[in-house]
Amino acid sequence: MVRANRRSRLQRYRRTLLRFWGTALAAELEYGANALVELLAVLGNLAGSLFVLSLLYGNGRSLGGWSWDAALVVLGLYTLLDGFTSCLLQPNLSKIVGHVQNGTLDFVLLKPIDSQFWLSARQVSPWGLPGVLAGLVLIAIGLANATPPIGWRDPIALLQPLGLGFTLLLCAAAILYSLWFLMAGLSIWFVKVWNATEVLRTTLVAGRYPVSAYPPALRLLFTFVLPVAFLTTVPAEALLGRASTGWVAGSLLAAVLSLIFSRVFWRRALRHYTSASS
Amino acid sequence: MRRSRDRARRSWRIARALLSSQYATMLEYRAEIALWALAGVLPLIMLGVWQGSGAGVAAGLSPQALGRYFLAAFVVRQFTVVWLIHVFEEDALQGKLSPQLLQPLHPLWRYLASHLAEQATRLPFVLVMLALVALWQPGILPMPGPGRLLLAVLAIAAAFALRFILHIILTMACFWTERAAALDRLLLIPYLFLSGLVAPLSTFPPSVRALAEATPFPSMLAFPAALLAGEPVNVAAGFAGIGAWCALLLPIALLLWRAGIRRYAALGA
């Protein structure tokens, strides 16, 4: 009985999600010119990032012990996650503040569906896809040229780093989501902080480079305070086949803890929420 | 004679009223402005990367010079941020522009005043962040003499004016499309990579450097930052560059404003 209940609930959420995304896509596609803008933005950003990376790598230098191709994998992961942000995080979570300011959060809370789910998944934007695609291409190029070479001839041996890398990428997405949700949710307390998520986005730019490229103090900051290391460096190491158990375990732990924390945080936030009039 | 004096007095009164009211508004949003100041840490992140790589030394920049440059770039960036298109888009879409058009004052002055007020609100946060960096690496704080400091402040103000004019041109797209703010993302890209914000221009290969210097972007950041960092720099040529770009872009901006307003009126909704 309980199991049947849970399954029907899961199905309801799946059906709702499909509806959400169908309508959101239909609305977004009204603005076709945006596709061109986004494509140009992704290509321009990519060209610029590669240019700066080439400045740093000129004359056979290396960056924090990372080869050029390994650094490309990091940059690719950053581009991929940035695309994911544009697809899902930004369209949804940047709106929470508006809901709090205008009092429309009340309507969300009245809906017969989990409010965190609604706030996190109501919208989807196709304009992040160029970023996702460009990121995948960069990762593939980096991996194909990396030394020691990845054994293309032996697909079984390839499976392990790819599988681990994919798992860690999911962890990175979970951590990124929790960070965004936390920043956006803070608006329940500080109504006037509507751009907290943009701050997050600009500081995460640090993830374009492997974390070992930074001075020790920043390295600590980017691991424990603002976990940029888990977003790009750790998955990149796994993809390159040199993951260390400690970092993998840390990444998994950070992902689980941050998801749980976002849930607990939202419960507390709702208890604190007193609607717009008060 | 008397008339022109009356006029000057009136302008002064308007400017004071605008600035003080905008400053009061901005103070209400100080928590948010603190976050915006924090969002400008990109030059400091890049400083971390450049210090860890040998590329700065290879281009003839000592670690200290690198530090001074990026810290100066951080300050210049803080006081040349323009967010005109985002507020203007909202005002145009929601019709808040209409009452402003009825007033005997060009609406752009109001936006300019709110930018200046935001910078005044930002100042203490920037000072705190500078103090923190100075605690971390005392050697890299730029220490220009009073003459240099004055020149640097003037250069920052001129760079801000140039950026504001460029953004007016971009913002006028709001009259033609509903989602003009997306264009800001596009303008940000050449600014980011060609202005010297993420890499000093002296580390560029000569051809790319020549290309960058043919655009207005280095005048917006690299020139004031070099002044503030105390690097040897051609002051007259720098100011002349900013002036020339302003003289070129301002008429275009005003022309587009006129065309846009006519269109806005034609929409009538």
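A few comments on the model shown:
- Residues satisfying the stated conditions in region A:213-238, i.e. closer than 24 Å to B:Leu192 by Cβ and of a type in the set (Ser, Thr, Tyr): A:Tyr214, A:Thr232, A:Thr233
Let's see how each residue does on (1) over 29 Å from B:Gln51 (Cβ atoms); (2) among the acidic types (Asp, Glu); (3) not in a loop (DSSP other than H, G, I, E, B):
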| site | (1), (2), (3) |
| --- | --- |
| A:Ala27 | yes, no, yes |
| A:Glu30 | yes, yes, no |
| A:Val37 | yes, no, yes |
| A:Asn45 | no, no, yes |
| A:Ser49 | no, no, yes |
| A:Leu56 | no, no, yes |
| A:Asp69 | no, yes, yes |
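- First in region B:94-106 and within 17 Å of B:Arg263 (Cβ to Cβ), second anywhere and at pLDDT 85 or above and among the basic types (Lys, Arg), Cβ under 9 Å, 6 or more apart: B:Gln100/B:Arg110
- Residues considered: B:Leu27, B:Leu19. Of these, the only one that is within 21 Å of the chain's Cα centre (by Cα), farther than 30 Å from A:Phe222 by Cβ, at pLDDT below 90 and surrounded by fewer than 19 Cβ atoms within 10 Å (Cβ to Cβ) is B:Leu27.
- B:Arg263 vs. criteria more than 30 Å from A:Tyr57 (Cβ to Cβ), in contact with a helix residue (DSSP H, G or I) (Cβ under 7 Å, 6 or more places away or on another chain) and either small (Gly, Ala, Ser) or part of a helix (DSSP H, G or I) (or both): yes
- Enumeration of residues in region A:51-75 that are farther than 15 Å from B:Ala199 by Cα and hydroxyl-bearing (Ser, Thr, Tyr): A:Ser62, A:Ser67
- Checking every residue in region B:227-247 against the condition of being of a type outside the set (A, V, I, L, M), outside any loop (DSSP other than H, G, I, E, B), without any contact (Cβ under 8 Å) to a residue 40 or more places away in the chain and within 14 Å of chain A (Cβ to nearest Cβ) gives zero matches.
- Filter pass, B:Leu186 being modelled with pLDDT under 95 and within 14 Å of chain A (Cβ to nearest Cβ): yes
- Top-ranked residue of region B:171-212 - restricted to ones that are among the β-branched types (Val, Ile, Thr) and surrounded by 19 or more Cβ atoms within 10 Å (Cβ to Cβ), ranked as farthest from A:Tyr57 (Cα to Cα): B:Thr171
- Number of the exception - B:Val49 against (1) free of Cβ contacts under 8 Å to residues at least 12 places away in the same chain; (2) surrounded by fewer than 20 Cβ atoms within 10 Å (Cβ to Cβ); (3) within 14 Å of another protein chain (Cβ to nearest Cβ): (2)
- The residue of region B:213-226 that is farthest from the chain's Cα centre (by Cα), among those that are outside any helix (DSSP H, G or I) and either within 14 Å of chain A (Cβ to nearest Cβ) or surrounded by 24 or more Cβ atoms within 10 Å (Cβ to Cβ) (or both), is B:Thr215.
Residues checked against (1) among the aromatic types (Phe, Trp, Tyr); (2) out of contact with any Pro (no Cβ under 9 Å at 6 or more places or on another chain):
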residue	(1), (2)
B:Leu162	no, no
B:Ile168	no, yes
B:Phe193	yes, yes
B:Gly196	no, no
B:Leu201	no, no
B:Pro205	no, yes
B:Pro218	no, yes
B:Pro224	no, yes
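- A single member of A:Ala217, A:Ala229 is closer than 23 Å to B:Trp50 by Cα, surrounded by fewer than 16 Cβ atoms within 10 Å (Cβ to Cβ) and within 14 Å of another protein chain (Cβ to nearest Cβ), and it is A:Ala217.
The values are calculated or read from the model by the stated rules, or taken from the named source; none is laboratory data. Note that this is a predicted model, so its numbers are computed, not measured. All Cβ positions, glycine included, derive from the backbone under ideal geometry; neighbour counts span all protein chains shown.
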